[in-house]
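Q: The structure under discussion is supplied below as structure tokens; questions concerning it will follow.
The values are calculated or read from the model by the stated rules, or taken from the named source; none is laboratory data. Just so it is clear, the structure is predicted and the values come from calculations on it, not from any experiment. Reconstructed Cβ throughout: ideal geometry from the backbone, glycine too, with neighbour counts over all protein chains shown.
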Amino acid sequence: MGSFQWFTELSARERRTLYAGFGGYAVDAFDFMIYSFLIPTLIASWGMTKSEAGLIATSSLISSAAGGWLAGILADRYGRVRVLQWTIATFAVFTCLSGFTNSFGQLLTTRTLQGIGFGGEWSVVTIMMAETIRSPQHRAKAVGTVQSSWSFGWGAAAILYWAFFALLPEQYAWRACFWIGLVPALWIIYIRRNVSDPEIFITARAARSSDDVRAQFLQIFAFPHLKTTILGSLLCTGMLGGYYAITTWLPTYLKTVRHLSVFNTSGYLVVLIVGSFCGYIIGAILSDRIGRRASFILFAVGSFVLGMIYTMLPVTDHAMLLLGFPLGIVVQGIFAGVGAYLSELYPGAIRGSGQGFCYNLGRGVGSFFPILVGTLSQTTELVKAIGIVAGTGYLLVIVSALCLPETKGKSLVEAATPSA
């Protein structure tokens, strides 16, 4: 229990912020991941190609990059909590509207607009959490715990996917999976009543003039921060691209290559999702203990190795079920420290802008990985396409991490004041 002692040391305000971020990120995950479960059904129902299915995923991720950049800038200007509510409302509404679409073009439009809110929510949640936690030695654990809620949202998507397809005709089941995405908008009520902007942010904003606020985004490309911005963006590109390459196409692989039923596909994915929750917790603890960079490298190597074993070796279905747990640990554990790390790389005046740009540029570039997998799978086996694309991403993580500084234990209070 010593690893969780930090939670008892949090103040009431810190806990309320953690709960708000946890719930917000969980509903974000549900609204995003539900599409990956529906790809086989939409391909069969609408006659979409794999490339078109990948394009929808890619388009959503590209728009999420734009949403993340915008949310980071707005959060520096208007506050973390206010912008968080805007992002949740955006992705919930457009997820629901996706259930009313009747063609590839219509779904492409609604999922692209959904991505704006999806990308913005992550940026605001992680900054808000990192700034709220007073103790630097607990920062990665707290931010990683919030990010672990992705597994709950992903798990909810898997369970509801199974439930709707078990209870409803297929032509209504996939629509219901989107319609229910409107319910998470109710989480805004909790946030409005229980969460306020971090004191670090309030102090830093009060110290800046209106001219500083207008110019802050461009500062991330100035000499003191340009190298960090480039390398941070490459780090996130590798993480997210590798992750998207595996998880976007995994349900399709299980159903069309391994020929598993809807029920069995959900069962395999639940094991993966449980592993991913554990991965967030393990990754958060490791990030505070061994450092951010070492943790990233460790999980990148593990993600590549286990991803290749899971998809490329002739293992039995039973072995695949068992391998799903450690695969979930490594593909998700790599993200546990990234929110805290990006927050620590920038001073308070440009923290939202810097973190939002790096993570979401990585998301934008990484978003081409799913469509690249779909395109490559037209001329080679799907599993080989996944391996090539994901492997490239995780190699990029290792190289970028080796070139960036270690920030373990850094105080955000010192970084909150703009440099002279």
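Q: If the requirement is being out of contact with any Gly (no Cβ under 7 Å at 6 or more places or on another chain) and either buried (at least 24 other Cβ atoms within 10 Å of the Cβ) or of a type in the set (Ser, Thr, Tyr) (or both), which of these qualifies: 391, 354?
A: Criteria check complete, one pass: 354.
Q: Turning to a different aspect of this structure: Go over the candidates 174, 86 one by one and state the one that is touching a Ser or Thr at 6+ places or on another chain (Cβ under 8 Å) and assigned to a helix (DSSP H, G or I).
A: None of the others qualify; the one that does is 174.
Q: Go through (1) in contact with a Phe, Trp or Tyr (Cβ under 6 Å, 6 or more places away or on another chain); (2) surrounded by fewer than 24 Cβ atoms within 10 Å (Cβ to Cβ); (3) closer than 22 Å to residue 143 by Cα for residue 347 and report which single condition fails.
A: Going through the list (1) in contact with a Phe, Trp or Tyr (Cβ under 6 Å, 6 or more places away or on another chain); (2) surrounded by fewer than 24 Cβ atoms within 10 Å (Cβ to Cβ); (3) closer than 22 Å to residue 143 by Cα, residue 347 breaks only (1).
Q: Could you tell me whether residue 116 is in a helix (DSSP H, G or I) and more than 22 Å from residue 175 (Cα to Cα)?
A: So residue 116 does not fit the description; no.
Q: When you go through (1) farther than 25 Å from residue 132 by Cα; (2) under 15 Å from the mean Cα position of the chain (by Cα) one by one for residue 257, which number turns out not to apply?
A: Exception for residue 257: condition (2).
Q: Turning to a different aspect of this structure: Can you go through 51, 11, 45, 103 and tell me which one is surrounded by fewer than 22 Cβ atoms within 10 Å (Cβ to Cβ), in contact with a Gly (Cβ under 9 Å, 6 or more places away or on another chain) and in contact (Cβ under 8 Å) with a residue 24 or more places away in the chain?
A: Just one listed residue meets the conditions, 51.
Q: Could you check segment 26-42 and list, in sequence order, the residues that are aliphatic (A, V, I, L, M) and buried (at least 19 other Cβ atoms within 10 Å of the Cβ)?
A: 26, 27, 29, 33, 34, 38, 39
Yes/no matrix, rows are residues, columns are (1) among the polar types (S, T, N, Q); (2) at pLDDT 90 or above; (3) over 19 Å from residue 340 (Cβ atoms):
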| site | (1), (2), (3) |
| --- | --- |
| 97 | no, yes, yes |
| 122 | no, no, no |
| 131 | no, no, no |
| 162 | no, no, yes |
| 170 | no, no, yes |
| 177 | no, yes, yes |
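Q: Can you run down the residue pairs with Cβ atoms below 7 Å, 6 or more apart or on separate chains, where the first is in segment 306-326 and surrounded by 15 or more Cβ atoms within 10 Å (Cβ to Cβ) and the partner is of a type in the set (Phe, Trp, Tyr)?
A: Every condition considered, the pairs that remain are 311/253; 320/268; 320/310; 321/268; 323/310; 324/268.
Q: Which of the following residues is out of contact with any strand residue (DSSP E or B) (no Cβ under 8 Å at 6 or more places or on another chain), part of a helix (DSSP H, G or I) and at pLDDT 90 or above: 252, 237?
A: 237
Q: When segment 106-149 is examined, which residues are found to be surrounded by fewer than 24 Cβ atoms within 10 Å (Cβ to Cβ), of a type outside the set (A, V, I, L, M) and either within 28 Å of residue 51 (Cβ to Cβ) or over 20 Å from the mean Cα position of the chain (by Cα) (or both)?
A: 106, 109, 110, 112, 134, 135, 136, 137, 138
Q: Which of the numbered conditions does residue 73 fail, given that it passes all the others? Conditions: (1) touching a Leu at 6+ places or on another chain (Cβ under 9 Å); (2) at pLDDT below 90; (3) surrounded by fewer than 24 Cβ atoms within 10 Å (Cβ to Cβ); (4) of a type in the set (A, V, I, L, M).
A: It is condition (1) that residue 73 fails.
Q: How many of the residues in segment 81-103 are aromatic (Phe, Trp, Tyr) and under 30 Å from residue 13 (Cβ atoms)?
A: The total comes to 2.
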